[in-house]
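A short reminder: the numbers here are calculations on the coordinates, not readings from a lab. All values reported here derive from a predicted model rather than from experimental measurement. A quick note on method: Cβ atoms are made from the backbone with ideal geometry, for glycine too, and the neighbour counts reach across all protein chains shown.
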Amino acid sequence: MARLTILSPLLSLFLILAASKVVKSHGLALREATVEDLQLAFKQNRLTSRQLVEFYLREIQRLYPVLKGVIEVNPDALYLADKADQERKAKAPVTHSKLHGIPILVKDNIATKDKLNTTAGSYALLGSIVPRDAGVVKKLRQAGAIILGKASLSEWSQFRSDNAPSGWSARGGQGLNPYNPLAKPCGSSSGSAISVAANLAAVSLGTETDGSILCPANLNSMVGIKPTVGLTSRAGVVPISPRQDSVRQEGAILVDHLKIDNVGEIFSSTAENTALSAEFKVSLNAYLKELVTSPVRSLADVIAFNNKSKKENVKQYGQNLFLTAEATNGIGYAEKAALSSIARLSKNGFEKVMKKNKLDALVAGGGRSTPFAILSTPLALGGFPGIIVPAGYKDGVPFGICFGGLRGSEPKLIEIAYAFEQATKIRKPPKF
């Protein structure tokens, strides 16, 4: 598949196609190049990791004023690139992983124990020191990947306020859709999507609680995967919530006009918000207390910081979601009832229709206003996987098609999505 995204808070790699103007190194077009293309170029001595990092750093500098997809670059990126080049010379290429020497951006809510900040886009966490790399970052480093920098995001993963626009954070500014600046980039992993779509990195790592991978991929002409909850490590990620079949030999069965019986109840239910508010407070307080140093140690501290900081634009955007979460008192009776309701809605809705009809995947088209919400919310509630691939453009703005499945069905979903992508090959890079 052109480039993949495996995100979650759940982690997801955004590997996407890229831009318009062709930049070449020894005949290799760096824009729109896949990781496989880059590794082949390394092997054939047509490209070095240093050359690749220098290219991405130039592109980030050139496009930051326009797109604001990257919040911070790693001052050690070139040193790490040189180290990867030396390792490649010392060992046969076959001994290295496919990510060795590949520059990767990570969302600014994913901890990196280096010179980069981890702030969730907020000045409240600027200067804080994390105790260790996030679990996924540790694995990336072990694979030889180069942490290029931090991708921007919707501040606090869009959980501070209902009034803040998607793609905005106090530290990163307003991220813009690379296809149309008037279109939403969506969030909360907006910078991850913007950056890979615009070829500012080969890979970007993001997170999702409800739609934060699938929605940006939908509106930025990307491939995005939200894995089954729990499939990837969430350790070291600024949290919101800790939650959230038979295999056939070939092909997929398509059934038209399916109906999720309780879909109306799913969207009218307040259970998800009730549970998330309580979980956010508990999880965030635990995360903040574990930091080595930090200007804030609790959600209450963050709220107080925002009220004092002009940079956080509280007068304009507010922080109503923070205030709602702070008013909760842990996982009590109401929260347990909400969690029970979520489990029931999931089992009697999406899971039921999948098993009853023996489906490989449920499919929904994307859109500009309510992108595949009919599918993304049920997937989020049940912790189910989903994958979205580019499907077309309307008024120059991309939209995708989303495939969702039962827990652990990622291989089948990738197979189906890959077949659609190869049959259509509809993605076009943005123009700058």
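Across the range 75-82, coupling constants 3J(HN,Hα) worked out from phi with the 6.51/-1.76/1.60 Karplus curve, θ = phi - 60°, read x, 9, 4, 5, 4, 5, 5, 4 Hz, and Gly and Pro carry x.
The loop-placed trypsin sites (Lys or Arg not before Pro) in the range 74-109, going by DSSP, that have at most 15 neighbouring Cβ atoms within 10 Å of their Cβ come out as K91, K98.
Taking a 28 Å limit on the Cα-Cα distance, which of the listed pairs K184/K355; K43/K113; K138/K226; K115/K139; K281/K310 fall beyond it?
Correct reply: K184/K355; K43/K113.
For the range 414-425, backbone phi angles converted through the Karplus equation (6.51, -1.76, 1.60; θ = phi - 60°) give residue-by-residue couplings of 5, 4, 5, 5, 5, 4, 5, 4, 5, 6, 9, 6 Hz, Gly and Pro being listed as x. The calculated FRET efficiency for A327 paired with N45, based on their beta-carbon distance and R0 = 41 Å, is about 0.10. Note on the range 127-229: dipole from Cβ charges, positive end direction compared against G144, N199, G175; the farthest Cα belongs to G144.
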